[in-house]
Amino acid sequence: TLYNTYWVRFSQGQITFDKAIQNTKTLIQAAQEAGVRKIVHLSITNASEESSLPYFRGKRLLEKAIMHSKLSYAIIRPTVIFGSEDILINNIAWLLREFPVFVVC
């Protein structure tokens, strides 16, 4: 099983969403050629080809590439991923410490 967590957070210079899509498709092909039978792919909630945001559009394009591969697959679509160096969660924690009100929609 290949556990694919590869992606880019922001396009910057030669590191782009299109390049990440191309690299992941190469990884899928290499996995098939190596005899890997299953891929577990980390995607994102609300991935959509119609999205105006390249992050979400790219994630959906990869889901489709995986679905059309010869591999058995599982696609995980979390809403938030966090860890000790996570920017989003650390920013929320800072806001909670600094301001008396935090709005959740």
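The values are calculated or read from the model by the stated rules, or taken from the named source; none is laboratory data. Here the structure is a predicted model, which means the values were calculated and not measured. Neighbour counts are summed over all protein chains in view; Cβ atoms, including those assigned to glycine, are modelled from backbone coordinates with ideal geometry. Surface areas here come from the heavy atoms of the whole protein model, side chains and all, with no ligands, DNA or RNA. Shrake-Rupley method; radii C 1.70, N 1.55, O 1.52, S 1.80 Å.
Quick one: which residue in PRO78, PRO100 is assigned to a loop (DSSP other than H, G, I, E, B) and open to solvent by 40 Å² or more (accessible area, probe 1.4 Å)? It would help to see each step written out before you state the result.
Values: PRO78 fails: open to solvent by 40 Å² or more (accessible area, probe 1.4 Å).
Being assigned to a loop (DSSP other than H, G, I, E, B) and open to solvent by 40 Å² or more (accessible area, probe 1.4 Å) holds for just one of PRO78, PRO100, which is PRO100.
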*Quick one: in the stretch 33-49, of everything that is under 9 Å from the mean Cα position of the chain (by Cα) and part of a strand (DSSP E or B), which residue is farthest from VAL8 (Cα to Cα)?*
HIS41
*Write out, first by first residue and then by second, each pair whose Cβ atoms fall under 8 Å of each other, whose residues are 6+ apart or on separate chains, and whose first residue, in the stretch 42-53, is more than 16 Å from ASN4 (Cα to Cα) while the second is aliphatic (A, V, I, L, M).*
GLU49/LEU61
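Can you find, within the stretch 50-75, the residue that is surrounded by the most Cβ atoms within 10 Å (Cβ to Cβ) among those that are charged (D, E, K, R) and in a loop (DSSP other than H, G, I, E, B)?
If we filter the stretch 50-75 for residues that are charged (D, E, K, R), which is where we start, we get 50, 57, 59-60, 63-64, 70.
Those left that are additionally in a loop (DSSP other than H, G, I, E, B): 50, 70.
Values: GLU50: 7, LYS70: 10.
Here the answer is LYS70.
Looking at the stretch 17-24, can you tell me whether even one residue there is in contact with an Asp or Glu (Cβ under 8 Å, 6 or more places away or on another chain), over 16 Å from ASN4 (Cα atoms), charged (D, E, K, R) and assigned to a helix (DSSP H, G or I)?
Kept after step one, since they are in contact with an Asp or Glu (Cβ under 8 Å, 6 or more places away or on another chain), are these residues of the stretch 17-24: none.
Within the stretch 17-24 (the criterion being in contact with an Asp or Glu (Cβ under 8 Å, 6 or more places away or on another chain), over 16 Å from ASN4 (Cα atoms), charged (D, E, K, R) and assigned to a helix (DSSP H, G or I)), the answer is no, since none of the residues qualifies.
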